1. Would you check the chain for Lys pairs whose C-alpha atoms are within less than 23 Å, ignoring same-chain pairs closer than 8 in sequence, and give me the count?
2. Which of the listed residues, Leu228, Val205, Leu173, is farthest toward the dipole's positive end in segment 110-232, when Lys, Arg count +1 and Asp, Glu count -1 at the beta-carbon?
3. Compute from the Cα atoms of the chain the Rg and the Dmax, the latter being the longest Cα-Cα distance, and quote both in angstrom.
4. Apply the Karplus parameterisation 6.51 cos²θ - 1.76 cosθ + 1.60, with θ equal to phi minus 60°, to every residue of segment 399-405 and state each ³J(HN,Hα) to the nearest whole Hz, in sequence, with x for glycine and proline.
5. How large, in percent, is the carbon and sulfur part of the accessible surface of the chain at a probe radius of 1.4 Å?
6. Would you compute, from DSSP H runs of 4+ residues alone, the mean residue ellipticity of the chain at 222 nm, taking -39500 (n - 2.57) per run and dividing by the full residue count, rounded to the nearest 500?
7. Using a simple charge model, +1 on the beta-carbon of Lys and Arg, -1 on the beta-carbon of Asp and Glu, nothing else, what dipole does segment 12-141 show about its Cα centre, in debye to the nearest 20?
8. Largest first and in whole Å, what are the equivalent-ellipsoid semi-axes of segment 170-216 based on the Cα gyration tensor, each being the root of 5 times an eigenvalue?
Amino acid sequence: MDNLPRRGPTGFRRRHLVTVLAFLGIFIVENLRWTFVNAIEQIRTPYNVTLDNGKVVEKRNLNFDLLELSHIMSASFYGYVATEILGGWLGACLGGSRVFGVGVAFTALFSFVMPFVVHGGTAKSLITIRVIQGLFEGVTYPSIIAVWSRWAPPQERARLVTIAFSGGFFSFLVNPPVCRFIAYTLGWSFIFYITGILGLIWCAVWLTVVKDKPEDDPQISTEELKYLRDNLDCGPNDSIPKHIVYPWDEFVKSMPVWAIVVAHACTSYGFNSLIIGIPLFLKDTHNYQLDSTGLLSLLPYLMITVLMPVAGVLADWLRNAELLTTTHVRKTFICSTFISQAILIFLAARIDSFNGTSLCLVLALGLTAFSWAGFSVNHLDIAPQHASALMGFSNTFASILGFLSPSLLIYFMKDGRLHHWQYTFNVIVAVHLLASLFYCAFASGERQRWAPPAPTPESESLSLPQRSHVI
């Protein structure tokens, strides 16, 4: 079994405040990322304009063809994928909290620009703004892992990380109906203004409250600081290095790293394929038109939002109770999730019942929560000081495969006939089963030899100026 340190101080502590603010930050950045896509219908709704001569004419924003619109909507991806690894490196060198906050802040600032570009800009100007937004969005997920490398002790790692990341799925739950409500009550421009204002307010709070290291937080209690110093794996007493040389040769030769990449990419591919495929499948096979803001569309996001923290707590409990090692916990969560999803997807394509099919597909999506409780913390298990770069590395592959999943879906589907859907779902099933075998064979929850812990001076004082004893 793992060498498990003692439990930490109870009650609401500073690391829990960091978790709440991280949840809100990821919630906001995902809203900023997807607001344009979810508001496109309202933006393109025709409206009447009265000319100087009194004549009323009908106009439409974004009066582009479908190809140009698809380029605009997907443009942020290119910026997003370009800065993943950079975001991990910057988070480790400059401090994860600062990079995360700046990434959200600049994404929010460009949200204010969007209505003006929509009204008077060209397709190229819109694509440019979307790419720039993507560049700042791309640093957020890797940099938040740099925060957790110094704030999330191994005993609480899964629960803190999953609570924070569940904010992304919570945004998927609330963004479509809220965008529609704001557009119909205030006008679609206010969608961008409101999300931008929320992003800047959150950023001000985050940069004021959250420090890169527990030692830099004047409000942390001595008890909590000692607990974090005793249990963190990445040398919390050390200053944040200004320059890091990553052992990339070791990264690419490490099978545990590739196991994380495979799990992350499979989760992204499966999730995006089902999110895109379910409305098409239900329409082709059951003649059911799925509303983007209806209960069936939003239920998977609700399930994932609720189940991710539950999965994190369960993962930590299994580890802390010494029922399973860290490696066994990660493998159990990933492999059981992928196999269960494969079974449910296989059944969904063969059950001749709308209710049965819907249940299988919603459950398959909901189980995504448990895979996130496995791979999203696995970077911190095997190399805490390199975890942000590893998250950037794995998320690059996951983002690319997730982006390509709609095209792959269309390629395999051919048309809307049932046997083509079965073939398409069989491909998704095969990907999940192969990923589960690969992860089971090569994953690890142990610190790797190429990521040794930093030496900690035993004589270093725990005191900080005006250190509080309670939170």
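1. 7
2. Positive-end residue among those listed: Leu173.
3. When restricted to the Cα atoms of the chain, Rg and Dmax are 23.1, 83 Å.
4. Going residue by residue, I get 5, 5, 5, x, 5, 7, 4 Hz, with x marking Gly and Pro.
5. Values: 13120 of 20020 Å².
Of all accessible area on the chain, carbon and sulfur atoms account for 66 percent.
6. Calculated at 222 nm, the ellipticity per residue is -24500 deg cm²/dmol.
7. 440 debye
8. 31, 12, 5
The values are calculated or read from the model by the stated rules, or taken from the named source; none is laboratory data. Note that the structure is predicted; figures quoted are calculated from it, not measured. Reconstructed Cβ throughout: ideal geometry from the backbone, glycine too, with neighbour counts over all protein chains shown. All accessible areas refer to the heavy atoms of the entire protein, side chains included, with ligands and DNA or RNA removed. Shrake-Rupley method; radii C 1.70, N 1.55, O 1.52, S 1.80 Å.
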